[in-house]
Number of protein chains: 2
Amino acid sequence: MDVRSICLGILTRGEATGYEIRKVFEGSGFQHFAEASFGSIYPALSRLTEEGLVSVREEAQKKRPDRKVYSITPAGRSAFLAGLMKTLPEDRHRSPFLFAMLFSDLLPGSRVRFLVDDYIAQGEQKLAQLERKQKETLLPGERFAIGLGHTMYTAMLEFLRMHRGEIEEQLPQAAE
Amino acid sequence: MDVRSICLGILTRGEATGYEIRKVFEGSGFQHFAEASFGSIYPALSRLTEEGLVSVREEAQKKRPDRKVYSITPAGRSAFLAGLMKTLPEDRHRSPFLFAMLFSDLLPGSRVRFLVDDYIAQGEQKLAQLERKQKETLLPGERFAIGLGHTMYTAMLEFLRMHRGEIEEQLPQAAE
DNA sequence: TCGATTTATATCGGGCCTATATAGGCTAGG
DNA sequence: CCTAGCCTATATAGGCCCGATATAAATCGA
């Protein structure tokens with residue numbers, strides 16, 4: 001989803017600063033389907049303000065950068081929901097790990113084993129994070145999204161443990 | 001993975017045109033972890049040629065645009081493998097569908113049901129495609145990547161069928 | 001006490017995608 | 001038989017987004 005919609009979506013739940021919007025998707029168990037960087041959030045909020053879809057309240061703090069608290073306007077809420085009524089873009093998944101595994105026959109067996117170990121460890125961390133999140137009070141949609149992530153990471157880890165041997169067993173012609 | 005590496009990777013398996021590189025990831029069962037558009041492939045191949053990592057052979061066809069067939073050079077092969085030996089970037093997954101589900105409480109129930117139906121249908125198509133691909137002769141790494149995709153899509157579909165009720169049951173305050 | 005982390009905004013360069021342009025051949029349906 | 005749409009094939013421009021960097025002070029931990 002584009003960063004504009006991400007910002008509007010967060011703001012439907014209450015006012016927030018750019019910094020806070022970023023943190024919602026940072027280490028919070030949502031990264032498996034949406035995220036946005038500062039470099040895109042701040043320009044997006046500026047443009048949304050120009051267009052009247054959000055409003056700003058500047059809290060000039062003593063000796064700190066001005067805290068700009070954004071709120072969604074009625075026009076912004078309409079635009080956000082209108083966006084969700086149009087055809088959604090397709091999912092996009094990028095996995096440098098799986099791409100690398102495509103060429104496991106060209107890599108030293110030790111490298112393949114390391115990459116698999118590392119990927120499993122990362123998956124376990126994300127699973128633990130999702131489980132922590134599941135204990136919090138969540139909206140139905142949030143519970144659903146977290147639950148789906150949990151299911152998929154669990155299935156992924158099981159597959160990795162079951163099938164890693166198929167790419168780690170080096171064929172004779174490949175050098176170790 | 002960056003487009004440069006994707007191009008080099010394909011070319012380790014044999015020469016190809018930009019058009020053919022694109023097609024490898026188009027409807028071929030690999031889209032769930034890697035893809036690249038023409039708009040990035042052609043510039044990437046030009047730069048790789050300048051850098052000596054690939055070489056071109058121009059086949060001037062009668063009344064057709066020149067077919068530029070690219071081959072990887074020894075330097076290109078080294079650079080590609082060196083890239084796979086460095087720390088890999090993390091996976092990045094974007095799902096406008098799951099993002100929209102986060103706001104299922106703000107949407108009409110009919111819209112939520114439509115989106116879920118559509119997403120399930122798409123998932124079934126991808127699963128069928130992966131199963132067709134599994135019947136082909138594949139390298140171990142390819143079989144592994146396709147198998148993992150199959151496992152995850154299967155788990156995803158099961159979750160969707162089991163839990164869709166949790167977001168489709170509208171709470172009283174939400175309008176239909 | 002001093003360094004690291006956190007809060008907080010902003011910009012620049014670069015990478016990648018979408019849409020568009022060009023152009024002729026093939027194929028299926030009317 | 002014609003023609004519309006798709007396939008092959010390369011290329012560019014505009015725009016979106018990310019990563020890195022800059023700035024600046026407060027707070028927390030060793």
Practice problem: With respect to B:Lys133, determine if the residue is assigned to a helix (DSSP H, G or I), within 30 Å of A:Leu107 (Cβ to Cβ), away from chain A (no Cβ under 11 Å) and open to solvent by less than 60 Å² (accessible area, probe 1.4 Å). | Solution: yes
Quiz item: Under the condition of being among the charged types (D, E, K, R) and near DNA strand C (Cβ under 9 Å from one of its atoms), which residue from the stretch B:1-21 is farthest from the chain's Cα centre (by Cα)?
Solution: B:Arg4
Practice problem: Could you please let me know if B:Glu35 is at the interface with chain A (Cβ under 10 Å from one of its Cβ atoms) and more than 8 Å from DNA strand D (Cβ to nearest atom)? | Solution: yes
Exercise. With a cut-off of at least 3 residues that are open to solvent by 50 Å² or more (accessible area, probe 1.4 Å), name the helices (runs of 4 or more DSSP H) lying wholly within the stretch A:1-115.
Key: A:18-24, A:38-50, A:74-85
Quiz item: Of (1) modelled with pLDDT under 95; (2) surrounded by fewer than 16 Cβ atoms within 10 Å (Cβ to Cβ), A:Asp118 satisfies all except one. Which?
Solution: (1)
Quiz prompt | Test set (1) within 11 Å of DNA strand D (Cβ to nearest atom); (2) more than 10 Å from chain B (Cβ to nearest Cβ) - A:Pro74 fails condition number | solution = (1)
Quiz item: Among the residues of the stretch B:44-67, is any among the small types (Gly, Ala, Ser) and closer than 28 Å to A:Gly109 by Cα?
Solution: no
Quiz item: Any residue at all in the stretch A:94-108 that is over 23 Å from B:Arg94 (Cβ atoms), touching a Ser or Thr at 6+ places or on another chain (Cβ under 6 Å), in contact (Cβ under 8 Å) with a residue 12 or more places away in the chain and away from DNA strand D (no atom under 13 Å from the Cβ)?
Solution: no
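The values are calculated or read from the model by the stated rules, or taken from the named source; none is laboratory data. All figures in this text were calculated on a predicted structure; none of them were measured in a lab. Here the Cβ is made from the backbone with ideal geometry for all residues, glycine too, and neighbour counts use every protein chain on show. The protein model used for the area step is the full one, side chains on, heavy atoms only, and it has no ligands, DNA or RNA in it. Shrake-Rupley method; radii C 1.70, N 1.55, O 1.52, S 1.80 Å.
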